[in-house]
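This report refers to the structure that appears directly beneath it.
The values are calculated or read from the model by the stated rules, or taken from the named source; none is laboratory data. Model, not experiment: these values are computed from the prediction. With ideal geometry, Cβ positions are generated from the backbone for all residues, glycine too; neighbour counts draw on all protein chains shown.
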Amino acid sequence: MNAIEVAEELGVSPATVGRFSKKIGFINYVDAKIQMAKLSRFPTIASMNEKSLFIEKEDTYQEVGTKLLSQISDVCNNALALIKPKVLDKAVKKLLESDSIFLAGVGASSIVAMDLNLKLIRLKKKTHYFPDYHVNLLSVMTARKQDVLIAFSYSGMTNVVIDTLHQAKNNGAYTIAVSGSANSVLAAKADLFLASPAIEQKIRIGAVSSHYSQQFVADLIFLGMVTHLYDEAEQMISETAQALETIL
């Protein structure tokens, strides 16, 4: 349905449809329709629960590998389709301008946070991340206005990650949420939201889909920073590699 048809169905003006589309975060009604069409490719909760695993008992290792590659490809394509370049650019610039970068994430999300932490160190950014989420929450208490926190949570409902983001905001730090749900508490509380959509089965098999989705967004952030630091990035990464070689 076009905007005029939607307006007639709802008993409002076409202009109202356009204004509503902008109000909920889209460029216009056409943009809203395109983005929702992309989301509609995901299975419903009911169909997800009908089948818990994306592999079959009889699958060979080759078939399992093929299915895994297919899922990773789908997940990354979906994440890329939902990323708004202007939003990603704002996140990258905030990180480049920051004094210190704090990260948060538990469970599977902690792996993504730790990986990004190591990559940011190679760009010689001051970063703070502790796998023990209680210690990590305490470290965020030192965040200040010139700092940025990136919080990872697929559900966007992980209490300790929400509390960590809340602490960072209270200290004046800029907050970025990476989550699979735009309607989550984490997304609502953050200053900026980056979508990491994924389809998780009833039995999550180690959160395969959500991990790759969040990892893809994290790597986009890192590579975005590299493009802005292109001339220096190679030298900085090389220097950190050489430092490690002396102790290995």
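Among the criteria (1) at pLDDT below 90; (2) of a type in the set (A, V, I, L, M, F, W, C); (3) assigned by TED's automatic domain parsing to the domain that holds N117, the one L248 does not fulfil is (3). Selection of first residues in the range 53-64 that are aromatic (F, W, Y) and of second residues that are modelled with pLDDT under 90 and surrounded by fewer than 12 Cβ atoms within 10 Å (Cβ to Cβ), restricted to Cβ pairs under 9 Å at least 6 apart or on distinct chains, gives the following pairs, ordered by first then second residue: F54/S70. Selection within the range 1-37: residues that are among the basic types (K, R) and surrounded by 11 or more Cβ atoms within 10 Å (Cβ to Cβ). The member of this set that is nearest to N78 (Cα to Cα) is K33.
Given the structure, is Q242 part of a helix (DSSP H, G or I) and modelled with pLDDT under 70? Yes. Of the conditions (1) among the polar types (S, T, N, Q); (2) within 14 Å of the chain's Cα centre (by Cα); (3) more than 18 Å from A81 (Cα to Cα); (4) modelled with pLDDT under 95, S209 fails just one. Which one is it? Here S209 clears every test but (3).
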